[in-house]
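Structure first, commentary second.
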Amino acid sequence: MPNVPSRCAAALLVLPAPLAGRAQTSPYYLGVSQTFGYDSNIFRLPDRSEVALPGGGVQVIEPQSSGLISTTLLLADLDQPIGRQRVYGSLSAGYSSYGDQPQLDSPRYALTAGVDWDTVEKLSGKAEFTSGLRLGAYGDRDVPTGRGDNEERYNRLSLLVRLGDWQRSHNWFEASFVYDQVSNDIETLQATPYRIEADPITGAPVVRFTDGYTRDDRYTAFTFGVRHRWSGAPTLGAGLRTESRREEVDRHLIDPMATVNSRLDSRRNDIDLFANLNPGDGNQLNARLSYGNRDYDDLGGFTDDDTNFQPGLSWAALRNTTVGCSLGLDRRDSSYQGTASGRSSYDATLTSCYAQVLLR
């Protein structure tokens, strides 16, 4: 979903798959996960190689943006039913390697804790908190290349309420609230033009350069959706999502050194369609199609239109082993005409396959 939530996207992230084929003799599990993936456009570059510079002229951008990605994770899991409720938690920690972009090699971890709750009436839900570290995404007009220290620390609180018997009935409704905080620390591979200033002595126009920035994003999102399940057929669903975002940036200028603070507010609306087929025994086939647009009313009034399609499947190959593959198609069409980085419209294809082993 979001750009975190839809950034929810960019570099491939490995998330623990459904814990298939587990006996219920112990709530504790340890394991390992290995994922191999490919991203055709890691830096989310536009379909052009020339970018206008402040004051005139162009900059040719021809970095290699595709690459193979390998992620290895150690996993720990807790899943404990308590009557009609369920308490769960998970910890994953590991390292991601980018074959053609070694400057992006980075550690990552994620800690999740939550509770599923259920009432005797047709009301249930979930509360969950997640905190972690990962490589930051490049879909928000960041500089197109980095030194690998684009670390992204994130916290997410999500609340979900269901109306209807979602485990046995044919129809139910879902509503959710999500709060995200994302902090990035980014350095450029080389000094990048940022803006034009007047020379304090001569008054002549001078291009100022930046070598990186820190960013703090806050997201608040509400969703509402409906689900329908046919007997022996997939569960189909549709949902609407609206998100408010506040982005605060401290950009580091050089020659002379200075810090420039800016803030950008935006609103995003999404439509999600998805299908899930779960024949049992831990096997799943799923697909998701999302379309959304983000409006930046206080920055020239431009709009980003994003389309994302994600089919995937998982298979419980052995009692404690799950394997799976997924495909992601990511496209942006934008009316943005800025000159800072030239990022406007882009396309990206992401593929990955993983194997996960969990032991009691």
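Taken together, the values in this text are just the output of simple stated rules run on the coordinates, not laboratory data. Every value quoted in this text rests on a predicted model; they were computed, and no experiment measured them. Counting neighbours? That spans all protein chains shown, and the Cβs are built from the backbone with ideal geometry, glycine included.
Values computed for the structure shown
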{"item": "Shape call, region 256-321: gyration tensor on alpha carbons, a/c limit 1.5", "result": "oblate"}
{"item": "Spacing of the two label points (7 Å from each Cα toward its C-beta) at residue 230 and residue 331, in nm", "result": "2.7"}
{"item": "Calculated FRET value between residue 32 and residue 307, using beta carbons and R₀ = 30 Å, to 0.05", "result": "0.30"}
{"item": "Modelled FRET efficiency - R0 25 Å, residue 264 with residue 177, Cβ distances, 0.05 increments", "result": "0.65"}
{"item": "Rounded Å value of the spacing that divides the Cα centres of region 259-283 and region 187-252", "result": "14"}
{"item": "Pairwise label distance in nanometres, residue 275 with residue 351, each label 7 Å out on the Cα-Cβ vector", "result": "2.2"}
{"item": "Ranked packing of 166-179, 319-332, most packed first, by mean Cβ within 10 Å", "result": "319-332, 166-179"}
{"item": "For region 177-190, 3J(HN,Hα) per residue [Karplus equation, 6.51 cos²θ - 1.76 cosθ + 1.60, θ = phi - 60°, Hz, x = Gly/Pro]", "result": "10, 9, 10, 10, 10, 10, 10, 10, 10, 10, 10, 8, 5, 8"}
{"item": "Two-site label geometry, residue 196 and residue 257: point separation in nm, points 7 Å out along Cα→Cβ", "result": "2.8"}
{"item": "Region 348-360 - phi-based ³J(HN,Hα) in whole Hz, Karplus 6.51/-1.76/1.60, Gly and Pro as x", "result": "8, 10, 10, 10, 7, 9, 9, 10, 10, 10, 10, 10, 6"}
{"item": "Cα gyration tensor shape of region 88-222, rounded if a/c is under 1.5, else prolate or oblate by comparing a/b with b/c", "result": "prolate"}
